[in-house]
Amino acid sequence: MTTEEIVLPALSKDLIDKLDKLYPDKCPLLTDEERMVWYKAGQRSVINYLQQIYDEQLQDNIITKD
């Protein structure tokens, strides 16, 4: 990846809420295999990143609250 800043399109709160429901922030089960724990953590990190970008877009007045 280059050092250029990656600019995402305006995000929708509805999209983030839907993804949050599909991939909730929860502790792994004791029965989960290690690979599954890392896989789920990766899914969740995308949601957290999108939420952070959404909050920044709101703060910078790029978008308005839905």
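Summary table below
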quantity: Relative contact order (percent, whole number), the chain, Cα cutoff 8 Å, 6+ residue spacing; calculated: 51
quantity: Cα shape, the chain, gyration tensor, a/c 1.5 rule; calculated: oblate
quantity: Over the chain: helical MRE at 222 nm, DSSP H runs n ≥ 4 each giving -39500 (n - 2.57), nearest 500; calculated: -18500 deg cm²/dmol
quantity: Accessible surface of the chain [probe 1.4 Å, protein heavy atoms]: carbon and sulfur percent; calculated: 56
quantity: Rounded tilt (10° steps) of 13-22 against the dominant C-alpha axis of the chain; calculated: 0
quantity: Residue-level accessible surface for V7, protein heavy atoms, 1.4 Å, Å²; calculated: 120
quantity: Accessible surface, per residue, of the chain when the full set of protein chains is kept, probe 1.4 Å, Å²; calculated: 89
quantity: K65-K21 FRET efficiency (beta carbon distance; Förster radius 22 Å; 0.05 resolution); calculated: 0.70
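The values are calculated or read from the model by the stated rules, or taken from the named source; none is laboratory data. For clarity, every value in this text was computed on a predicted model and none was experimentally measured. All Cβ positions, glycine included, derive from the backbone under ideal geometry; neighbour counts span all protein chains shown. All accessible areas refer to the heavy atoms of the entire protein, side chains included, with ligands and DNA or RNA removed. Shrake-Rupley method; radii C 1.70, N 1.55, O 1.52, S 1.80 Å.
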